[in-house]
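Notes for the one structure printed next.
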Amino acid sequence: MVAKVLMYGNTAIGEAAIRAGCQCYFGYPITPQNELTEYMAANLGRRPGCAFVQAESEIAAINMVHGASVAGVRTMTSSSSPGISLKQEGISYLAACELPAVIVNISRGGPGLGSIIAAQSDYFQATRGGGHGDYRTIVLAPASVQEFADLTMRAFDLADTYRMPVLILGDGMLGQMMEPVEFDREAPAVPPVRADALRGASGRPRKIVKSFTSNPADLEEINWSLYRRYQVIKEKEPAADTFLTDDAELLVVAFGASARIAKGAIKEVRAGGMKVGLFRPVTLWPFPDKALRAAAERVKGILVFEMNMGQMIEDVRLSLNGDRRIDFYGRPGGIIPAPSEVARVIARHYHQQGLK
Amino acid sequence: MEKVYQRPRYLTRANFHYCPGCGHSIVHRIVCELMDEMNIHDRAIGVPPPGCSVFAYNYIETDFVESAHGRGAAVATGIKRAAPDTVVFTYQGDGDISAIGTGETIHAANRGERITGIFINNAVYGMTGGQMAPTTLLSQKTTTSPFGRDKNFEGYPIKLSEMLALTDGAVYIERTAVNSPKNIIKTKKALQKAFQVQLDNLGYSLVEILSPCPTNWKMGVLDSWKWVDEEMTKVFPLGVIKDTTGK
Ligand SMILES: Cc1ncc(C[n+]2csc(CCOP(=O)(O)OP(=O)(O)O)c2C)c(N)n1
Ligand code: SF4
């Protein structure tokens, strides 16, 4: 039997990473994700064959990830919004070199130093590549501590399958929240090493991992080959979760912490007889467009709720091809609205759209 | 007849893209010789960043991973921590190691990372067309110090090796040059020792190599070699800067 333990979202990521076989963690302190860095220092750093380094900067940390990934091991870094900005060059290099890695963003409010309170203003940065060049990263958006654990393990598997960086986009609310969580994997005694690891040319021809391409025709081919892989991911990996959508007249679309708050709000308005359901993208890239189209088909109204000024709403519009009215409710300053407040917004939309 | 000079085993057949008189090719050759003589080729991983030497992997026949500009020491740290049995060396220009990558380098040295730095100091940014580097000498003209480097505007040449020597994790730091046969022999000895420090698991090692860039110095090859002796070594004196190996 698997025992349930009470954990913070942030520490659940750490434990899940270790159980997924993460061998090297590199980080730099930033609130609200420090519990994860501290957990790795205490629980990964002295494991045989593993390494924890508190880097001198986020830039150094992501480049250490680059090195560890080249050496063939599962590796991770975590940070929060301003730190992720600094990692973007490194993430672009990982994408270009086709190196797997897991990057956690326990986001806060921005732009600039912003606030340390949970916000969702890094959606564009996470889903549009973020760094320079034509590339994508898979982005997973958990909404509970259990999902922090499950999606962390999934992130490592996806990173290896598609040989690319995978982002986990959490936020300060979920990261610092405690919930029971269970793990269905044991940490491997000996962490696995990828077959394509760079460890010296012993018994094989030497290998070069690089992104510089002096021939533009070669670069085009590399970019097309990345594109083809992204198309496969778009086909196979979109994931979404729904809540009470079967009879819904109004569909709320929200991810991460917002989805969680929306769920509470929906329970409240359902008690008042309003038929409202929730659509929650679990993968933000690839965005679950087909599932959203299916869920939106029968509803009369759509309300997007985000803790930002409206970023995911663009993907909702793209998915629905602009032929639907889509309303928005956003809180861009790090203020986390209570479910009752969101319930009032939902109720207002419900009535304004003539739904009963 | 005994063969006393031949192409090193791990030097590829590709033609160098370096300018005539450039020091990069000489250092490449030395690295290839050491891979063979020290028997480390099978577990060596090189980390070259952007710079004239970005194509080092075309010539030195070992595993290579290119790093982002300045990040060699961090990438090397990641490799070495993941795979402690490898022999990891960074190959960096002065712009790379003493401007954008200063932080990564000092901290890797201070942590005593078991990696070896090869630092080619040619007092300019070569690849991007001869702009001022942190190592550019006072009154030296470059494309971004067209009136000559002036301490009042551009500050002083930076002495990264001396700074690295101040960290407790740095075990062996030496400055050499490749502008004469004598200096080339010394450079090879220094690099051999730097790799040995890594093999002995003692800590961080680095060799700074003064290297002519005739193209961007706008000098003939012979003049550039002379300039290393007459001007560069005044600011960057040759010799061991730190050695705590006791050997
Ligand atoms: C982030 C970033 N900034 C700038 C550059 C452009 N760049 C490429 S090489 C280089 C300087 C290289 O000079 P140095 O390290 O002294 O090596 P050299 O070419 O002289 O051998 C610069 C600035 C880059 N590739 N990446
Ligand atoms: S520009 Fe300078 S450093 Fe670059 S290859 Fe030519 S001589 Fe060497």
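Residue by residue through the stretch B:86-94, which ³J(HN,Hα) values in whole Hz follow from phi under the Karplus form 6.51 cos²θ - 1.76 cosθ + 1.60 (θ = phi - 60°), with glycine and proline marked x?
Whole-Hz 3J(HN,Hα) from phi for the stretch B:86-94: 7, 10, 10, 10, 9, 10, 10, x, 5.
Mind listing the Cα extents of the stretch A:160-301 along all three principal axes, in Å, largest one first?
The Cα atoms of the stretch A:160-301 stretch 70, 42, 24 Å along the principal axes, largest first.
As a test question: what accessible area, to the nearest 10 Å², does A:S121 have when a 1.4 Å probe is rolled over all protein chains in place?
Near enough 30 Å² of accessible area.
Roughly how tilted is helix A:145-162, in degrees to the nearest 10 and between 0 and 90, from the longest Cα axis of chain A?
That works out to roughly 50 degrees.
Work out, in µm²/s and without decimals, the Stokes-Einstein translational diffusion coefficient of chain B at 37 °C, 0.692 mPa s, Rh from Kirkwood over C-alpha pairs.
Estimated via Stokes-Einstein, D reaches 184 µm²/s.
What residue among A:G172, A:L244, A:W224 has its Cα farthest toward the positive end of the dipole of the stretch A:144-270, where the charges are +1 on Lys, Arg and -1 on Asp, Glu, each on the Cβ?
A:W224
Report, to the nearest whole %, how much of the accessible area of the stretch B:96-231 belongs to carbon and sulfur atoms, 1.4 Å probe, protein only.
58 percent
Magnitude of the Cβ-charge dipole of the stretch A:183-236, K/R +1 and D/E -1, about the Cα centre, nearest 20 debye?
Dipole size: approximately 200 debye.
Just the C-alpha atoms of the protein assembly as shown: what Rg/Rh do they give, with Rh taken as the Kirkwood radius?
Over the Cα atoms of the protein assembly as shown, Rg/Rh equals 1.06.
Bin by bin, in steps of 20 Å, what percent of the Cα pairs in chain A do you find, going until the bin that has the longest distance?
31, 55, 14, 0
Would you mind giving the mean number of other chain beta-carbons within 10 Å of the Cβ of each residue in A:49-60, as a whole number?
Per-residue shielding by partner chains comes out at 5.
How many percent of the accessible area of chain A is carbon or sulfur, using a 1.4 Å probe?
The value for chain A is 53 percent carbon and sulfur by accessible area.
Taking a probe of 1.4 angstrom, what is the accessible area of B:D36 in Å², to the nearest 10?
Answer for B:D36: close to 60 Å² accessible.
Quick one: of the DSSP bridges fully inside the stretch B:104-247, what percent are antiparallel, nearest 5?
Percent antiparallel among DSSP bridges in the stretch B:104-247 is about 35.
Based on Cβ point charges of +1 for Lys and Arg and -1 for Asp and Glu, what charge dipole magnitude is obtained for chain B about its Cα centre, in debye rounded to the nearest 20? Please list the in-between numbers first.
Details: 26 positive and 25 negative charges, 53 e Å.
Charge dipole, chain B, about its Cα centre: 260 debye, nearest 20.
Quick one: Karplus J couplings for the stretch A:337-345, per residue in order, coefficients 6.51, -1.76, 1.60, θ = phi - 60°, nearest Hz, x for Gly and Pro?
x, 6, x, 5, 5, 5, 4, 5, 5
Can you list the residues, at least 5 places off or on another chain, whose amide H is less than 5 Å from the amide H of A:R331, using H built in the peptide plane?
A:E306, A:M307, A:N308
Have a look at the DSSP beta bridges in the protein assembly as shown and tell me what percent are antiparallel, nearest 5.
On the way: 19 of 81 bridges.
Antiparallel: roughly 25 percent of the beta bridges in the protein assembly as shown.
Determine the residues within the stretch B:59-75 where the difference in accessible area between the chain on its own and the full set of protein chains amounts to at least 40 Å²; count protein heavy atoms only and use a 1.4 Å probe.
Those are B:D63, B:F64, B:V65, B:E66, B:A68, B:R71, B:A74, B:V75, which lose 40 Å² or more relative to the chain on its own.
What list of ³J(HN,Hα) couplings, whole Hz, do you get for the stretch B:131-141 from phi and the Karplus terms 6.51, -1.76, 1.60, once you set θ to phi - 60° and write x for glycine and proline?
After applying 6.51 cos²θ - 1.76 cosθ + 1.60, I find 6, 5, 10, x, 8, 4, 6, 4, 6, 6, 8 Hz.
For A:V232 and A:R324, FRET efficiency with R0 = 35 Å and r from the beta-carbon atoms, rounded to 0.05?
Once the sixth-power term is evaluated, E becomes 0.80.
So what is the 222 nm mean residue ellipticity for chain B from helices alone, if each DSSP H run of at least 4 adds -39500 (n - 2.57) and you divide by all residues, rounding to the nearest 500 deg cm²/dmol?
Details: 8 runs with 75 residues, N = 247.
It comes out at -8500 deg cm²/dmol, rounded to the nearest 500.
To the nearest 10 Å², what's A:E56's accessible area with a 1.4 Å probe?
40 Å²
About its Cα centre, what dipole magnitude does the stretch A:219-356 give when the only charges are +1 on Lys and Arg Cβ and -1 on Asp and Glu Cβ, stated in debye to the nearest 20? Write out the running numbers ahead of the final one.
Details: 21 positive and 17 negative charges, 92 e Å.
The dipole of the stretch A:219-356 has a size of about 440 debye.
Leaving ligands and nucleic acids out of the surface, order A:Y8, A:Y25, A:Y39 by accessible area at 1.4 Å, largest first.
Working: A:Y8 95, A:Y25 0, A:Y39 40 Å².
Correct descending sequence by accessible area is A:Y8, A:Y39, A:Y25.
What nm distance separates the two modelled labels at B:N58 and B:E230, each placed 7 Å from Cα along Cα→Cβ?
3.3 nm
Please give the total accessible area that chains A and B bury against each other, computed with a 1.4 Å probe and expressed in Å² to the nearest 100. Please list the in-between numbers first.
Details: alone 15350 and 11280 Å², together 24050 Å².
The A and B chains share an interface burying roughly 2600 Å².
How big is the stretch B:114-247 along each principal axis, measuring the range of its Cα positions in Å and listing the largest first?
46, 32, 25
Could you check the simple spin-label distance between B:A14 and B:K182, using points 7 Å along Cα→Cβ, in nm with one decimal?
3.5 nm
Name the residue farthest towards the positive end of the dipole of the protein assembly as shown from the options B:F16, A:P142, B:N201, assuming +1 on Cβ of Lys and Arg, -1 on Cβ of Asp and Glu, about the Cα centre.
Of the options given, the answer is B:F16.
Say R0 is 25 Å: what FRET efficiency, to the nearest 0.05, do A:I208 and B:E37 get from their beta-carbon distance?
The value I calculate is 0.60.
Give me the distance in nm between label points sitting 7 Å out from Cα along the Cα-to-Cβ direction at A:R348 and B:Q192, one decimal.
8.0 nm
A 18 angstrom limit on the alpha carbon distance is what I want to check against. Which of A:K210/B:K188; B:K159/B:K234; B:K159/B:K247; A:K207/B:K193; B:K159/B:K193 exceed it?
Over 18 Å apart, Cα to Cα: A:K210/B:K188; B:K159/B:K247; A:K207/B:K193; B:K159/B:K193.
At 1.4 Å probe radius, can you tell me the per residue accessible area of the protein assembly as shown in Å²? Kindly include the intermediate steps, with their values, before the conclusion.
Working: 24050 Å² over 603 residues.
That works out to 40 Å² per residue.
The values are calculated or read from the model by the stated rules, or taken from the named source; none is laboratory data. What you see is a predicted model; the values in this text were computed from it and never measured. Because the Cβ atoms are built from the backbone with ideal geometry, glycine has one as well, and the counts that use them run over all protein chains shown. These accessible areas exclude ligands, DNA and RNA; they are computed on the full protein's heavy atoms, side chains included. Shrake-Rupley method; radii C 1.70, N 1.55, O 1.52, S 1.80 Å.
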